[in-house]
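S.K.: Here's a structure for you.
The values are calculated or read from the model by the stated rules, or taken from the named source; none is laboratory data. Just so you know, these numbers come straight off a predicted model, no measurement behind them. No Cβ is skipped: glycine too gets one built from the backbone with ideal geometry, and neighbour counts run over all protein chains shown.
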């Protein structure tokens, strides 16, 4: 089936090494004091259709922001900033230990996921066992990874909290 030729205008033929020139479209000039016609279905913030009468003024812009949790603004205190070499060393130690925990958890998750996938792919009996007319290997892939991810997340949070508690106990002593 042959497509019909375009009726109006043709696309420029590509020239090797050259891009076609951009086409500038002229937009209509705004009319002073007159709002554009509302698009069907558009509403203002209070649910009314915008008015287009000649006596109306342009709607005022309003900035909408989300409230901060607890109603307090963010304020940085100097109490948490390290003030001596020993406190700076404690902070660096905390950062290193948090990075170590993150890398171990990420590596463990990737390794366990790969082992999980290898077991599923190397045991052919899982494809022949059906649960609710779905192969068991599919169900294990769909549902089995989530407990692994949750376990790794819980272990990470516990280890990170333990590191922070150690840091707090060190800084309180110093």
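S.K.: What's the total number of residues in the stretch 91-115 that are more than 16 Å from residue 159 (Cα to Cα) and out of contact with any helix residue (DSSP H, G or I) (no Cβ under 7 Å at 6 or more places or on another chain)?
M.R.: Adding up the residues that qualify gives 6.
S.K.: Counting only residues that are within 32 Å of the chain's Cα centre (by Cα), give me the helices (runs of 4 or more DSSP H) lying completely in the stretch 106-174 with at least 3 of them.
M.R.: By residue number, 136-143, 145-173.
Let's see how each residue does on (1) farther than 30 Å from residue 151 by Cβ; (2) surrounded by 10 or more Cβ atoms within 10 Å (Cβ to Cβ); (3) modelled with pLDDT under 65:
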position: 63; (1), (2), (3): yes, no, no
position: 69; (1), (2), (3): no, no, no
position: 79; (1), (2), (3): yes, no, yes
position: 85; (1), (2), (3): yes, no, no
position: 102; (1), (2), (3): no, yes, no
position: 108; (1), (2), (3): no, yes, no
position: 116; (1), (2), (3): no, yes, no
position: 123; (1), (2), (3): no, yes, no
position: 132; (1), (2), (3): no, no, no
